[in-house]
Amino acid sequence: MGTKEIVLQVVEAFDNNDVEKILSFFADDVVWTMTGTNITVMNGKAEVERFFGGMEEVKMISSTKDHVVAEGNTAAVDGLVKCQGKEGKVFEMYYADFYELTDGKVKKISSYVVDKKQ
């Protein structure tokens, strides 16, 4: 399976709120940097799993994949994400995710997230 196919499966797992499947594509020493209002850096699959545990109240409703670009072991995906919080509030964010893979596993993700103003 190529880089683009792997990344599209990761994105599909995000769309389906399937944390176990997402983690199955991550290297044990994955580094995920999320930049938006704050900067969050997660080092290692265990730290990413703890992050998802704290997000159990937030569910993905839908997302667009406006651009998907892959070359070699890198890929980028951007679009709009719609989520629902625990109180039922729906919110949307623009995102751009950049992936680096090693041996078919996601080794690094750089995510940029901006709240969509209503």
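The values are calculated or read from the model by the stated rules, or taken from the named source; none is laboratory data. Being a predicted model, the structure only gives us computed values, none of them experimental. When we count neighbours, we look across all protein chains shown, and the Cβ atoms used for this are built from the backbone with ideal geometry, even at glycine. In case anyone asks, the SASA skips ligands and DNA or RNA and just uses the protein heavy atoms, side chains included. Shrake-Rupley method; radii C 1.70, N 1.55, O 1.52, S 1.80 Å.
For region 60-67, does any single residue satisfy the condition of being touching a residue at least 24 places away in the same chain (Cβ under 8 Å), of a type outside the set (Gly, Ala, Ser) and in contact with a helix residue (DSSP H, G or I) (Cβ under 8 Å, 6 or more places away or on another chain)?
Checked region 60-67: at least one residue is touching a residue at least 24 places away in the same chain (Cβ under 8 Å), of a type outside the set (Gly, Ala, Ser) and in contact with a helix residue (DSSP H, G or I) (Cβ under 8 Å, 6 or more places away or on another chain).
Filter region 8-22 down to the residues that are buried (at least 17 other Cβ atoms within 10 Å of the Cβ) and touching a residue at least 24 places away in the same chain (Cβ under 8 Å), then identify the one that is farthest from GLY53 (Cα to Cα).
Selected residue: LEU8.
I'm told ALA13 meets every condition in (1) at pLDDT 95 or above; (2) part of a helix (DSSP H, G or I); (3) among the aliphatic types (A, V, I, L, M) except one. Can you identify the failing condition by its number?
Against the list (1) at pLDDT 95 or above; (2) part of a helix (DSSP H, G or I); (3) among the aliphatic types (A, V, I, L, M), ALA13 comes up short only on (1).
A quick yes/no check of all residues on (1) charged (D, E, K, R); (2) touching a strand residue (DSSP E or B) at 6+ places or on another chain (Cβ under 9 Å); (3) under 23 Å from MET1 (Cα atoms):
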residue	(1), (2), (3)
LYS45	yes, yes, yes
THR64	no, yes, yes
HIS67	no, yes, yes
GLU71	yes, no, yes
GLU100	yes, yes, yes
LYS108	yes, yes, yes
LYS116	yes, yes, no
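Given the structure, is VAL31 open to solvent by 40 Å² or more (accessible area, probe 1.4 Å), at pLDDT 95 or above and either in contact with a strand residue (DSSP E or B) (Cβ under 9 Å, 6 or more places away or on another chain) or more than 27 Å from LYS89 (Cα to Cα) (or both)?
yes
Determine, yes or no, whether GLU5 is out of contact with any Lys or Arg (no Cβ under 9 Å at 6 or more places or on another chain), over 22 Å from LYS107 (Cα atoms) and either open to solvent by 40 Å² or more (accessible area, probe 1.4 Å) or not aliphatic (A, V, I, L, M) (or both).
The answer is no for GLU5.
Within region 1-44, can you find the residues that are polar (S, T, N, Q) and under 17 Å from ALA96 (Cα atoms)?
Hits for region 1-44 are THR3, GLN9, THR33, THR35, THR37, ASN38, THR40.
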